[in-house]
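Participant: Dropping the structure in here first, questions after.
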Amino acid sequence: MKDLPATPATLILLGPPGAGKGTQARLLEDRFGLVQLSTGDLLRSAVAAGTEAGKAAKSVMEAGGLVSDDIVLAILKDRMTEADVAKGVILDGFPRTSGQAEALDALLSEAGKAVDSVISLEVEDDAMVTRISGRFTCGDCGEGYHDTFKPTKTEGVCTKCGSTAFKRRADDNAETVRERLSAYHAQTAPLIAYYDNKGVLTRVDAMGQIDAITEALGNVVEKVTA
Ligand code: AMP
């Protein structure tokens with residue numbers, strides 16, 4: 001494994017649902033010693049814990065819409081105060097609106113920092129419904145799998161930790177995916193130009209094999225964390 005980066009970095013993975021942000025963020029986390037920060041995971045934890053934010057977010061998430069910036073920013077800021085974030089973060093699923101992108105810039109600039117690198121995972125919408133409807137994760141270690149593209153080595157047993165408990169997300173169904181894709185195009189895709197104008201954007205073709213995409217992303221991250 002590579003040494004920890006000398007400079008803590010802020011990386012963003014942009015892309016529609018199913019583009020592989022979570023899978024790739026976990027692989028980059030292991031390789032570069034960065035911390036994956038997924039607002040979707042934070043929101044799902046808030047829903048499971050029944051917090052006020054979780055109660056407000058639940059129905060929006062089930063319908064495939066975007067949770068309000070206020071709720072998402074409060075949850076993110078909370079997480080950003082934890083000590084492990086100092087290692088550098090890979091933001092997965094955040095920002096998703098221009099308001100969130102501007103709030104992130106303001107948050108980082110208070111600490112004299114800025115977003116270091118944004119990787120746009122470029123995929124075709126049609127393939128995303130198939131990708132999402134087959135995916136599941138280990139209920140214990142969180143490793144991600146797919147019925148067709150990344151099955152467990154032994155059926156029903158997590159390849160990483162040996163657990164036999166698995167989860168499928170409630171919003172990973174064809175109808176909700178279409179809503180999530182349309183929210184992505186309307187509100188999140190404009191951020192590609194926002195970060196391109198700042199000179200921090202790299203586009204990566206994310207339609208191929210997981211390993212090849214990981215390699216392409218690793219080359220980008222290596223430059224930022226060197
Ligand atoms: P994800 O796990 O990133 O696919 O997110 C699952 C759902 O959580 C999304 O469909 C949204 O409803 C909500 N969500 C996650 N991140 C955000 C965000 N940054 N802004 C608004 N809603 C979000």
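Since every read-out is calculated from the coordinates, none of them should be taken as a lab result. Given the structure is predicted, the values throughout are model-derived calculations rather than measurements. All Cβ positions, even for glycine, are placed from backbone atoms using ideal geometry, and neighbour counts span all protein chains on display.
Participant: Report, in listed order, any pair from Lys153/Lys223; Lys55/Lys167; Lys87/Lys153 with a Cα-Cα distance greater than 25 Å.
Facilitator: Pairs exceeding the cut-off: Lys153/Lys223; Lys87/Lys153.
Participant: Restricting to the chain, compute how many DSSP beta bridges are antiparallel as a %, nearest 5.
Facilitator: For the chain, the DSSP antiparallel bridge percentage is about 30.
Participant: Apply the Debye scattering formula to region 173-226, with a single equal point scatterer on each alpha-carbon and no solvent, then give log10 I(q)/I(0) at q = 0.17, 0.19, 0.23, 0.31 Å⁻¹.
Facilitator: So the normalised log intensities work out to -0.78, -0.89, -0.99, -1.04.
Participant: Using θ = phi - 60° and the Karplus form 6.51 cos²θ - 1.76 cosθ + 1.60, what ³J(HN,Hα) does each residue of region 162-179 get, whole Hz, x for Gly and Pro?
Facilitator: x, 5, 10, 9, 10, 10, 10, 6, 5, 8, 8, 10, 3, 5, 5, 4, 4, 5
Participant: Over what distance in Å are the Cα centres of region 42-118 and region 169-199 separated?
Facilitator: About 15 Å separates the Cα centre of region 42-118 from the one of region 169-199.
Participant: Cut-off under 12 Å on the C-alpha distance; same-chain residues fewer than 8 positions from Lys160 excluded. Which aspartates and glutamates are left, in chain and number order?
Facilitator: Qualifying aspartates and glutamates at Cα under 12 Å: Asp140, Glu143.
Participant: Same structure again: Sorted by average packing, counted as other Cβ atoms within 10 angstrom per residue and highest first, what order do 158-164, 88-94 take?
Facilitator: Put in order of decreasing packing, that is 88-94, 158-164.
Participant: Next question. Tell me, what is the percent relative contact order of region 18-93, built from C-alpha pairs under 8 Å that lie six or more residues apart?
Facilitator: Worked out over region 18-93, it gives 46 percent.
Participant: Separate question: Using only the Cα atoms of region 117-162, build the gyration tensor, take square roots of its eigenvalues as a ≥ b ≥ c, and label the shape rounded, prolate or oblate: rounded if a/c is under 1.5, else prolate if a/b is larger than b/c, else oblate.
Facilitator: Because a/c hits 1.5 or more and a/b fails to exceed b/c, region 117-162 counts as oblate.
Participant: Which order do peptides 198-206, 180-188, 115-123 fall in by mean Cβ count within 10 Å, highest first?
Facilitator: 115-123, 180-188, 198-206
Participant: Additional query: What does the convex hull of the Cα atoms come to per residue for region 27-161, in Å³?
Facilitator: 148
Participant: Over the alpha-carbon set of region 1-70, divide Rg by the Kirkwood Rh and report the Rg/Rh ratio to two decimals.
Facilitator: The Rg/Rh ratio comes out at 1.06.
Participant: For the chain, what does -39500 (n - 2.57) per DSSP helix run (n ≥ 4), summed and divided by total residues, give at 222 nm, in deg cm²/dmol to the nearest 500?
Facilitator: -14000 deg cm²/dmol
Participant: For the chain, report the convex hull volume of the alpha-carbon atoms normalised per residue, in Å³, without decimals.
Facilitator: Cα convex hull per residue, to the nearest whole number: 126 Å³.
Participant: Taking the Cα centre of region 1-120 as origin, sum charge times position over the Cβ atoms of Lys and Arg (+1) and Asp and Glu (-1), and report the length of that vector in debye to the nearest 20.
Facilitator: In debye, rounded to 20, region 1-120 gives about 280.
Participant: Starting from the Cα gyration tensor of region 92-211, take the square roots of the eigenvalues, sort them a ≥ b ≥ c, and report rounded, prolate or oblate (rounded when a/c is under 1.5, otherwise prolate if a/b is larger than b/c, else oblate).
Facilitator: prolate
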